[in-house]
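Accompanying notes for the structure given below.
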Amino acid sequence: MGLVAIISAGMAVVAFSDAYSRAGAGVAVAAAVGLLGVVVASLAIRWPALRSLVRPRVVVVASGGVAEAAAYRIGASAKGQVVGSFNLSENSGLYEGLAGLQRVILQGDIDRVALVVNDPAAPRVDAAVDVLSVMAVDIAVYGEQQLMGAAGGVPPRPARSVRRPLGGWQMVAKDVEDRVLGAILLLLFLPLLALIAIGVKLSSPGPVLFKQKRHGYRGGEILVYKFRTMRTDMADYSGGNQTQRGDPRVTRLGRFLRASSLDELPQLVNVVRGEMSLVGPRPHPVGMRTDGLLCQEIDDNYDSRHRVRPGITGWAQINGYRGATVKREQVEGRVRLDNDYIENWSLFLDFRIMLLTGVRLFADENAY
């Protein structure tokens with residue numbers, strides 16, 4: 001409303017006097033652009049990807065009574081916003097005490113963790129860094145004595161720093177890619193989405209969409225959308241019973257949708273909402289098992305896949321790992337390729353994967 005009022009005021013000035021028409025128009029345009037800039041900047045600061053670049057949110061982790069003082073010293077000069085300190089219990093080891101911090105990171109949209117310890121080179125610190133690395137945060141390790149004894153209260157350089165993948169401008173670029181392309185694709189596919197929805201509704205009784213809890217960014221749970229491809233009375237929402245070739249639960253239309261991956265199209269909504277990416281590790285159902293084991297029980301590096309948002313397609317999918325994972329080797333292969341993608345991410349790689357996904361869409365025998 002403020003923007004409309006400013007523009008209207010400018011137009012009134014123009015109408016009032018021809019002599020001041022150009023000046024009035026210039027003032028009105030400048031004011032409108034300025035106000036629009038303020039609105040855009042305000043919205044951008046609330047955008048997590050850009051906010052993490054401009055003003056990252058920091059949590060300080062220390063033991064005993066040092067946590068609060070360490071948070072003050074780090075917040076006094078470090079770039080970022082210290083949003084709290086995490087005081088590890090005297091009765092718990094560093095590694096064990098990080099479980100609570102993981103919940104804080106997942107719920108509080110944290111960008112960086114400042115870890116303050118007695119000995120930055122201790123093996124237990126290495127274990128803690130490994131745990132935090134999976135959570136996709138930047139990590140700075142400080143020696144307690146060096147930090148608290150720093151002259152002028154200015155914290156020294158961290159004894160150790162670990163950067164998360166896709167940090168800074170990379171995160172912003174991928175976010176823009178997902179939001180813009182995701183919205184465009186969703187609009188382009190709307191007629192097809194409507195036709196498929198009608199087909200699903202007519203082909204068998206039950207809802208059009210199948211909703212399932214899957215692992216998302218940082219291991220959190222998200223609700224992923226798909227077109228329903230199975231009989232409602234035989235659907236498995238936990239993911240524990242993976243689809244097999246010739247599975248009697250799959251409807252006739254469902255077989256075509258699964259083979260062509262058209263059942264995945266509703267996940268464009270997940271992309272636009274910021275829960276998924278166009279390209280990334282495929283999200284697995286929370287209860288999915290292979291050989292009776294959860295994936296994280298098969299491969300120690302499994303949780304590292306969650307350092308980025310899951311994708312509709314991914315590097316593993318175009319390299320032969322599409323469909324069910326019925327063998328341990330398939331889980332290990334996916335984990336390896338997914339982590340390779342994360343470590344070597346680029347916009348060019350994303351576009352290459354999207355192009356190859358389209359080329360190989362109907363030529364994958366693993367899709368059923």
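Values for this structure:
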quantity: The stretch 154-170 residues that are at negative phi, paired with ones that are in a helix (DSSP H, G or I) and among the acidic types (Asp, Glu) (beta carbon under 7 Å, 6 or more apart); calculated: Pro165/Glu343
quantity: First in the stretch 286-298 and within 17 Å of Asp338 (Cα to Cα), second anywhere and among the β-branched types (Val, Ile, Thr), Cβ under 8 Å, 6 or more apart; calculated: Cys295/Thr325; Cys295/Val331; Cys295/Val335; Ile298/Thr290; Ile298/Val331
quantity: From the options Asp175, Asp247, residue that is farther than 30 Å from Ser304 by Cβ and either aromatic (Phe, Trp, Tyr) or in contact (Cβ under 8 Å) with a residue 60 or more places away in the chain (or both); calculated: Asp247
quantity: Of all residues in the stretch 256-284 being outside any loop (DSSP other than H, G, I, E, B) and at pLDDT below 90, the one that is surrounded by the fewest Cβ atoms within 10 Å (Cβ to Cβ); calculated: Ser260
quantity: Thr232 surrounded by 19 or more Cβ atoms within 10 Å (Cβ to Cβ) and β-branched (Val, Ile, Thr); calculated: no
quantity: Those strands (runs of 3 or more DSSP E) lying entirely in the stretch 67-165 with at least 2 residues modelled with pLDDT of 85 or more and of a type in the set (Val, Ile, Thr); calculated: 112-117, 138-143
quantity: Residue in the stretch 243-252 that is surrounded by 13 or more Cβ atoms within 10 Å (Cβ to Cβ), of a type in the set (A, V, I, L, M) and either at pLDDT 90 or above or in a loop (DSSP other than H, G, I, E, B) (or both) present; calculated: no
quantity: Extreme residue, surrounded by the most Cβ atoms within 10 Å (Cβ to Cβ), among residues of the stretch 304-356 that are out of contact with any strand residue (DSSP E or B) (no Cβ under 8 Å at 6 or more places or on another chain) and of a type in the set (S, T, N, Q); calculated: Gln317
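The values are calculated or read from the model by the stated rules, or taken from the named source; none is laboratory data. It should be emphasised that the depicted structure is a prediction, and the values quoted were computed from it without experimental measurement. Using ideal geometry, Cβ is built from the backbone for each residue, glycine included, and neighbour counts are taken over all protein chains shown.
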